Each structure stands twice: as C-alpha cells, then as structure tokens.
Amino acid sequence: MANNNNNRKLVPEAQGALDKMKYEIASQVGVNLKQGYNGDLAARDAGKVGGNITRRLIQMAESQLAGK
C-alpha cells in the first residue's frame with residue numbers, strides 16, 4: 001500500500017489559527033492540552049476537542065456560503 005500523507009495542510013497559512021482554535025476549544029470543554037506531545041490524553045478527550053473543531057469549522061463554512 002502506498003504511503004499517502006493525508007496530514008498535509010491544504011492552506012499552510014491557516015496553521016496558527018487552527019492551533020489557536022484547538023487550545024481555545026480544549027479550554028472550553030475542560031481538556032488540559034499542553035504544547036507539544038499530548039500522548040497521555042484520553043481518546044475521549046481528544047475526540048471532544050476534534051469533534052468541536054469540526055463542528056466550528058462546518059459552522060464557519062456554512063456561514064460563509066450563506067454570505068453572512
């Protein structure tokens with residue numbers, strides 16, 4: 001199987017904003033993220049953060065598409 005790196009950023013300039021959003025959301029849902037390695041983070045907590053990031057990005061895209 002080919003080693004396809006699907007983790008590359010389509011818009012590298014957005015990395016800073018995405019990182020800021022990640023830490024903001026983690027704080028809001030009560031997940032203690034630290035800079036760097038977070039391998040000790042429970043899957044449930046990582047899912048809370050990732051799910052909320054996805055939800056917010058979809059809301060932003062829908063608002064943009066609706067012209068708001």
### Least to most buried among R44, R56 (fewest other Cβ within 10 Å first)
R44, R56
#### Entry: Estimated FRET transfer efficiency when R0 is 22 angstrom, pair N6-R44 (beta carbons, to 0.05)
0.40
#### Entry: the chain: calculated mean residue ellipticity at 222 nm from DSSP helix runs of at least 4, using -39500 (n - 2.57)
-18500 deg cm²/dmol
### Query
When N counts the residues of the chain, how does its alpha-carbon radius of gyration compare numerically with 2.2 N^0.38 Å, as a ratio?
1.29
### Task
Could you sort 12-21, 25-34 so that the peptide with the highest average Cβ count within 10 Å comes first and the rest follow in order?
25-34, 12-21
### Query
Separation between the Y23 and Q35 pseudo-spin-labels, each 7 Å from Cα along Cα→Cβ, expressed in nm?
0.7 nm
### Query
Within straight cross-link reach of K9, meaning Cα distance under 16 Å, which aspartates and glutamates are found once same-chain residues fewer than 8 apart are removed?
D19
#### Entry: Sorted by Cβ neighbour density within 10 Å, fewest at the top, the residues Y37, Y23
Y37, Y23
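Read-outs: derived from the displayed coordinates by stated rules, not from any lab. Since the structure is predicted, the reported quantities are computational estimates derived from the model, not experimental observations. All Cβ positions, glycine included, derive from the backbone under ideal geometry; neighbour counts span all protein chains shown.
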